[in-house]
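> For reference, the structure I am asking about is given below.
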Amino acid sequence: MGILNATNLVYIMGGFVKTIEISALSIICSIVVGTALALVRSYGPKPLRLLVAAYIELFRCTPNLLWILFIYFTVQGIDLFISTLAFTLFTSAVMAEIVRAGLNAVPTGQFEAARSQGFGFFTAMRHIILPQTFRIIMPALFGQCTTVIKDSSYLSGINVAEFMYTTNVVMAHAVSLDQVLLLYGFVFALYFALNFGISLLVRRYQRKIASA
């Protein structure tokens, strides 16, 4: 039987699903945490701003893989929650800077108009400022999403059964170069299809915004 038989395909695709699960959860958590960090860094009291700035710089200036290994060895185990936590710690720092850039791009007149209408800080953020911010930063957010999906392959090094891990397990049974190339070609095709699909969404969104 070929290397991509039904049994192997089911096993490999289970890893692909795990990659999507980890990536999706990490992205959602990172956007929430990153937005909170960006708001604190932009509008919080000075001690908190300095603390958040230190957090962001710490994670932005160190490799993601380092933090994945740190979480793995300190927690002494790995599961969906821990995998998501490892990515969220790192990615939320990147998301925070993306959101902060978007906040800075919103015209100051929007803040003044919100105050003149009696909006409080949180109400203005929720209904006026953050919606505009996310429209501005959406392409950058999508770009970071593709980075998270690609970087999820790091988890194979700590035995998380994601896409690359399950592929490498099957790869161990390959008996020829053709089978190796077939497997890696299959992995390439799925990663490309997923990330290129996200890129198409970004382009469609940009065209929609430009024509609005």
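> Among the residues of the range 12-19, are any touching a residue at least 24 places away in the same chain (Cβ under 8 Å) and either closer than 19 Å to Phe134 by Cβ or of a type in the set (Asp, Glu) (or both)?
Among the residues of the range 12-19, not one is touching a residue at least 24 places away in the same chain (Cβ under 8 Å) and either closer than 19 Å to Phe134 by Cβ or of a type in the set (Asp, Glu) (or both), which makes the answer no.
> Then there's this: Do we have any residue at all in the range 172-191 that's open to solvent by less than 50 Å² (accessible area, probe 1.4 Å), within 19 Å of the chain's Cα centre (by Cα), at pLDDT below 90 and aliphatic (A, V, I, L, M)?
no
> Now, a different point. When you look at Leu37, is it within 30 Å of Ile149 (Cβ to Cβ), open to solvent by less than 60 Å² (accessible area, probe 1.4 Å) and modelled with pLDDT of 95 or more, yes or no?
Here the answer is yes, as Leu37 does meet what is asked.
> Let me ask you something else. Taking Phe196 as meeting all but one of (1) in contact (Cβ under 8 Å) with a residue 24 or more places away in the chain; (2) open to solvent by 50 Å² or more (accessible area, probe 1.4 Å), write down the number of the exception.
Going through (1) in contact (Cβ under 8 Å) with a residue 24 or more places away in the chain; (2) open to solvent by 50 Å² or more (accessible area, probe 1.4 Å) one by one, Phe196 breaks only (1).
> Further question: Given the condition part of a loop (DSSP other than H, G, I, E, B) and loosely packed, with under 14 Cβ neighbours inside 10 Å, answer yes or no: does some residue in the range 159-167 qualify?
yes
> Still on this structure, please answer the following. Consider Ala101 against the criteria (1) within 22 Å of the chain's Cα centre (by Cα); (2) open to solvent by 40 Å² or more (accessible area, probe 1.4 Å); (3) modelled with pLDDT under 90; (4) among the small types (Gly, Ala, Ser): it satisfies all of them except one. Which criterion is unmet?
(3)
> Still on this model: Kindly check whether there is at least one residue in the range 112-130 that is modelled with pLDDT of 85 or more, of a type in the set (Lys, Arg) and closer than 28 Å to Tyr191 by Cα.
no
The values are calculated or read from the model by the stated rules, or taken from the named source; none is laboratory data. These numbers were taken from a predicted model, which means no experiment stands behind them. Positions of Cβ are generated from backbone atoms using ideal geometry, with glycine treated the same way; all protein chains shown enter the neighbour counts. The accessibility values were calculated without ligands, DNA or RNA, using every heavy atom of the protein model including side chains. Shrake-Rupley method; radii C 1.70, N 1.55, O 1.52, S 1.80 Å.
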